[in-house]
């Protein structure tokens with residue numbers, strides 16, 4: 001939520017003073033209803049118009065989603081429930097898409113946005129953006145696995161992954177950090193170690209950390225601080 005006058009001034013078309021004057025003059029509507037109070041808090045996706053014309057049609061949107069298992073990271077997948085299906089009707093038709101993918105049975109942090117250039121920067125192989133997962137396996141992870149991940153695991157198809165990090169945790173699970181995003185990479189890496197993955201959850205993507213207060217299937221807009229962090233990527 002943000003103030004209506006700030007929402008208008010953020011477009012660069014009006015100063016904060018001009019925005020307040022427009023609002024008080026009754027020329028601004030929120031979700032089709034006139035609003036004369038500059039301090040009114042409006043949702044990020046609430047449609048705002050000035051003299052009937054929408055503002056910020058191309059305004060970037062950034063949502064953090066706690067993806068549950070059983071949902072595909074796609075905008076349209078026949079016969080499947082997609083991550084966009086988890087959003088409300090106010091977010092449909094806005095050009096949102098997942099910046100990167102999580103497997104259908106993988107949970108955790110997924111960034112939904114309509115900012116193509118940012119998504120490209122985050123996903124470009126040369127960017128080496130960190131992706132951190134909590135993982136559980138069939139077997140026991142040990143220091144030999146830590147060393148192998150640090151050296152770079154060679155997959156069954158002959159590709160050698162970039163060096164990563166494996167942090168063993170007291171509960172028997174681990175945090176694994178990779179710097180690329182090849183198909184089923186974490187699962188394939190640990191399968192090559194003879195320890196197939198039984199549970200996988202992404203807890204960090206670049207500078208963004210999963211908000212553990214978000215229930216599975218829930219989402220929220222990024223905070224201003226989070227937006228500033230990803231804008232520097």
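Using the per-residue mean of other Cβ atoms lying within 10 Å as a proxy for protection, in what order, highest first, do the peptides 119-128, 176-185 fall?
Order by mean packing, descending: 176-185, 119-128.
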Given a Förster distance of 35 angstrom, what is the FRET efficiency for residue 24 paired with residue 130, based on the Cβ-Cβ distance and rounded to 0.05? 0.15
Subtracting the Cα-Cα distance from 0.36 nm times the residue separation, let me have the gained length for residue 157 to residue 199 in nm, one decimal. 12.8 nm
Highest first, please rank the peptides 17-26, 108-117 by the mean number of other Cβ atoms sitting within 10 Å of their residues. 108-117, 17-26
Work out, in µm²/s and without decimals, the Stokes-Einstein translational diffusion coefficient of the stretch 130-205 at 37 °C, 0.692 mPa s, Rh from Kirkwood over C-alpha pairs. 272
Note down the Stokes-Einstein diffusion coefficient of the chain in µm²/s, whole number, using a Kirkwood radius over alpha carbon pairs, 10 °C, and 1.306 mPa s. 80
If we restrict to alpha carbons, what Rg and Dmax does the stretch 2-54 come to, in Å? 9.3, 23
At 7 Å along Cα-to-Cβ for each site, give me the label-to-label distance between residue 224 and residue 150 in nm. 4.2
Could you give the distance between the Cα centres of the stretch 173-226 and the stretch 26-46, to the whole Å? 37
Sites residue 182 and residue 53 - FRET efficiency at Förster radius 45 Å, r taken between beta-carbons, to 0.05: 0.50
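Using 1/(1 + (r/R0)^6) with R0 = 30 angstrom and r between the beta carbons of residue 81 and residue 142, what's the FRET efficiency to the nearest 0.05?
That pair, residue 81 with residue 142, gives E of 0.20.
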Most packed first (mean Cβ within 10 Å per residue), the peptides 148-156, 225-233, 65-73 order as 65-73, 148-156, 225-233
Quick check on the chain: helices-only [θ] at 222 nm, where DSSP H runs of length 4 and up contribute -39,500 (n - 2.57) each and the sum goes over total residues. Nearest 500, please. -5500 deg cm²/dmol
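All of the numbers you see were taken from the coordinates with simple rules; none came from a lab. All values derive from a computational prediction rather than experimental measurement. Cβ: placed from backbone, ideal geometry, glycine included. Neighbour counts: every protein chain shown.
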